[in-house]
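**Q** The structure under discussion is supplied below as structure tokens; questions concerning it will follow.
Just so it is clear, none of the values below were taken in a lab; they were calculated from the coordinates. None of these values were measured; they are calculated from a predicted model. Reconstructed Cβ throughout: ideal geometry from the backbone, glycine too, with neighbour counts over all protein chains shown.
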Amino acid sequence: MLEQGLIYVTGLPRAGSTLLCQLLGQHPDIYSTGHSSPLCHTLDKLRATLSDDPFLLAQLDVDFELVYTRLLNAYRGFMAGWFAETGQAWAVDKNRGWLGMIETLDQLDPDFKMLVCVRELSQVYGSIEAQHQKTLLLDFPDHLAGHSRYAR
């Protein structure tokens, strides 16, 4: 298990997760940077890389239990090291991807705490559109700036 407790924050875009993380960071026992972290995607990429490693796959064939336990310990060590700079009892990690990795989290951190921020979809759309209206002179990789708000 992880010595430092992690609070995983996830949810819909524009649903208040950044505000929630900032509020959690006001508690003296909770460390929170207040913004999204790459930890979730890093763990997912690590899994993909390790799953393609022929040496690891060969070791799994020889002694599955030992090698799988090593993997579990390595993942937990990586997660513990991610917030090693703080001595607070809890750390907040925010990423929309956590909900998609809930089964993995259950194995890595069986007592995990997850906060899921939700909001009515029309309000999410309205909030995104309001942000877009502030940047009408810019276009982003989706190249939708020239479309009407109904076509976006």
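**Q** Only counting other Cβ atoms within 10 Å, I'd like M114, M79 sorted with the fewest neighbours first. It would help to have the intermediate numbers written out before the result.
**A** Values: M114 15, M79 20.
Taking fewest neighbouring Cβ atoms as first place, the list is M114, M79.
**Q** Additional query: Pick from D52, D139, D44 the residue whose mean-square fluctuation is largest in a GNM of the chain, springs joining Cα atoms under 10 Å.
**A** In this elastic network of the chain, the residue with the biggest mean-square fluctuation among D52, D139, D44 is D139.
**Q** What relative contact order, as a whole-number percentage, does the chain give when Cα pairs under 8 Å and 6 or more residues apart are counted?
**A** Numbers: 165 pairs, mean separation 66.3, N = 152.
Relative contact order for the chain comes out at 44 percent.
**Q** If the cut-off is 20 Å between C-alpha atoms, which aspartates and glutamates fall inside it for K113, apart from same-chain ones fewer than 8 positions away?
**A** Qualifying aspartates and glutamates at Cα under 20 Å: E3, D29, D44, D93, E103.
**Q** Taking N as the number of residues in segment 102-152, what is its alpha-carbon radius of gyration divided by 2.2 N^0.38 Å? Let's see the in-between values first.
**A** Details: Rg = 17.5 Å, N = 51, 2.2 N^0.38 = 9.8 Å.
That works out to 1.78 for segment 102-152.
**Q** Mind pulling up the Rg/Rh value for segment 26-152? Radius of gyration and Kirkwood radius, both on Cα.
**A** On the way: Rg = 20.1 Å, Rh = 18.3 Å.
With Rg and the Kirkwood Rh in hand, the quotient comes to 1.10.
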